[in-house]
Amino acid sequence: MTDDASAAMRYKEIVGLARGSADNLRAWELARADEIDHQLADAHAAVSAAKEREEKAAERASRWWKMALHNVARLTFLEPPDDPQPVSTARPQYLDRYLEEVKPSYQELVQAVLALGWRAKR
């Protein structure tokens, strides 16, 4: 009877450990699912913010381009190129730097056009 009692106790112990392991695994899976849901929500928010930032940058670039075309329109010997297109090799983390470079470049263009117009009047 000791062997039967001891085997029964060992069986109950193994079943109890298996049940505990299953409960631990279920708890871990639920926690991981919550973590993945939060990561997914954060990723969706980041994509949405990036799209908004991209749209604002495109609007700003379009505005500068139109102003540049307006300045160059008076130069009959210059045919304006097509509208600028996004560059796939541009780095998103440098977007602000790229946008900051547009204003000085535009001002240089305006000065060059004014200089050409002044010389043409001579």
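The values are calculated or read from the model by the stated rules, or taken from the named source; none is laboratory data. Computed from a predicted structure; not experimentally measured. Don't worry about glycine lacking a Cβ; one is built from the backbone with ideal geometry, like all the others, and counts go over all protein chains shown. Each accessible area value is taken on the protein alone, full model and side chains, heavy atoms only, with ligands, DNA and RNA left out. Shrake-Rupley method; radii C 1.70, N 1.55, O 1.52, S 1.80 Å.
Points worth noting:
- Note on region 17-60: among residues that are in contact with a helix residue (DSSP H, G or I) (Cβ under 9 Å, 6 or more places away or on another chain) and of a type in the set (Gly, Ala, Ser), the one that is least open to solvent (accessible area, probe 1.4 Å) is ALA57.
- Scanning region 71-87 finds one or more residues that are exposed (fewer than 10 other Cβ atoms within 10 Å of the Cβ) and either among the β-branched types (Val, Ile, Thr) or modelled with pLDDT of 85 or more (or both).
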